[in-house]
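Here the structure comes first, spelled out in structure tokens, and everything after it is commentary.
The values are calculated or read from the model by the stated rules, or taken from the named source; none is laboratory data. Keep in mind that what you see is a predicted model, and the values were worked out from it rather than measured. Virtual Cβ from ideal backbone geometry, glycine too; neighbours counted across all protein chains shown. Keep in mind that these areas ignore ligands, DNA and RNA; they rest on the heavy atoms of the full protein, side chains included. Shrake-Rupley method; radii C 1.70, N 1.55, O 1.52, S 1.80 Å.
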Amino acid sequence: MMGRMYPTPTFKTRKSVPPRIADWPIAQQYAERLRGTVVACGPGFRLASWPDVPATRITALSRWLISPRYIAVHMTAAWIWGACYQPGEPTVLTRGGRISSGRERSGATYRIGRIAESEIHTLAGFSVSTPLRTAYDLLRTQGRFDTRERAAVRLLAFGRLEELRARASRCSPSEGKLIRTRLEALYGAARPLP
């Protein structure tokens, strides 16, 4: 007698989207944190059961990325991609339009600017600059470029050093010099190709 055959279970291959904890009432967010249901994730929260991956990190920033015209950039993008431990104060680029006064008081830095569509990646319905664009932005930003930024650039641009050097050659002279100086400090002088 043959044993009873059961059908092989089928699994849905649908990509799941992390829940937006920022949409919950603030009292519920903190109550769930006390219970251990949610944990800190940068300046926001994520469910403890969700892995700490780029889609979860960007969803934790949903309160600052409320519109498709808002894009996570600089160290915020580096944190989303896993190139640094904490994002600090979120930095958001807004494409087109002006920044509302409510956004200016939200605990994030908003900048108005342009970025090519090819340099934007969408995760869980939110926008972030690509790893290479993030590395480029960190290299050309005036001011602070210490251990944290240096490590982030090395991780974000892994294997793509020549692309960054080529991009530096197309910049303004002062910006290109700054990028080349920082790249030499990170990787040494450029070697001529054979």
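Quick look at the values:
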{"read-out": "Options R95, R69, R105; residue that is modelled with pLDDT under 85, surrounded by fewer than 23 Cβ atoms within 10 Å (Cβ to Cβ), basic (K, R) and farther than 22 Å from Q142 by Cα", "value": "R105"}
{"read-out": "Counted residues, the range 150-174 - those being among the hydrophobic types (A, V, I, L, M, F, W, C) and closer than 20 Å to P54 by Cα", "value": "7"}
{"read-out": "Hits in the range 147-183 (condition: open to solvent by less than 80 Å² (accessible area, probe 1.4 Å), closer than 21 Å to P87 by Cβ and assigned to a helix (DSSP H, G or I))", "value": "R148, E149, A151, A152, V153, L156, R182"}
{"read-out": "Any hit, the range 131-146, residues being at pLDDT 90 or above, among the hydroxyl-bearing types (S, T, Y) and open to solvent by 60 Å² or more (accessible area, probe 1.4 Å)", "value": "no"}
{"read-out": "Breaking point among (1) touching a Leu at 6+ places or on another chain (Cβ under 7 Å); (2) open to solvent by less than 50 Å² (accessible area, probe 1.4 Å); (3) modelled with pLDDT under 95; (4) within 30 Å of A151 (Cβ to Cβ), for P19", "value": "(4)"}
{"read-out": "Odd one out for S118, checked against (1) part of a loop (DSSP other than H, G, I, E, B); (2) open to solvent by 80 Å² or more (accessible area, probe 1.4 Å); (3) of a type in the set (S, T, Y)", "value": "(1)"}
{"read-out": "Some residue of the range 184-193 being surrounded by 18 or more Cβ atoms within 10 Å (Cβ to Cβ) and aromatic (F, W, Y)", "value": "no"}
{"read-out": "Condition met for S62 (modelled with pLDDT under 90 and small (G, A, S))", "value": "no"}
